[in-house]
1. Once phi is turned into ³J(HN,Hα) by the Karplus curve 6.51 cos²θ - 1.76 cosθ + 1.60 with θ = phi - 60°, what whole-Hz value does each residue of the range 174-184 show in order, with x for glycine and proline?
2. Just rank Ser89, Ser120, fewest to most, by other beta-carbon atoms within 10 angstrom.
3. Obtain the nm distance between the two label points defined at Ala154 and Lys112 by a simple spin-label model: each point lies 7 Å from its Cα along the Cα-to-C-beta direction.
Amino acid sequence: MRRRVGEAGFTLLEILVALVVLGFLILGLAEGVRFGLRAWDTETKLVDRRADMDAMERVLRGLIQAADPGDLNAQPPFRGQPHALSFVSRLPMAAGGLVTRNADMGLGVDSKHRLVLRWSLHPHAERLTSPEPPHETVLLEGVDHITFGYLRPAEQGGGWVETWDAPMLPALVRITVAFPKDDRRHWPAIEAAPMLGRAEQ
């Protein structure tokens, strides 16, 4: 039966069309919200990872810049390999409550793909007891491997080498952190000058 002119109300077809249009609008709005949440979550993770990398870079630079240069009677306790580094350095100022801030340190990637700093207090005198086990501090997780390079001083001819066991500190230490292929993180090589931190202290 046709509607009379001026008759109020909607037909069933008009209501169905309105419901379909409303459904599409709600679906589009929901997809937009989901996309926004995913983008926000991804951005948050990237920011957190960048903060982790920045903190890791500051720690590594500070430790290497404060490396012990040795003295006239002994060469510096600095041994560099392509994928590991051991040296004596100063712990951060936050460790000021310890007997000494000097510590034996080792850097490398463990079997769990973590960049780990192992450290123990450097003795001032000959030990009378067995040393305590080293402390472990995880600097960064999800690392494939780490590579070190060592720059010879100009008086030694300059140039980068993969190992270091010389009676002096290298002019620069280059640290390259590599991530798995499916990891989107990328970080340029870190270069730090030993003794720079001790000169400033």
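Throughout, read-outs are computed from the coordinates displayed, never taken from laboratory work. No experiment lies behind these values; they were computed from the predicted model shown. In this analysis, Cβ positions are derived from the backbone assuming ideal geometry, glycine residues included, and neighbour counts consider all displayed protein chains.
1. My calculation for the range 174-184 gives 9, 10, 10, 9, 10, 10, x, 4, 8, 8, 7 Hz in order.
2. Listing Ser89, Ser120 from fewest to most nearby Cβ atoms yields Ser120, Ser89.
3. Rounded to a tenth, the inter-label distance reads 4.6 nm.
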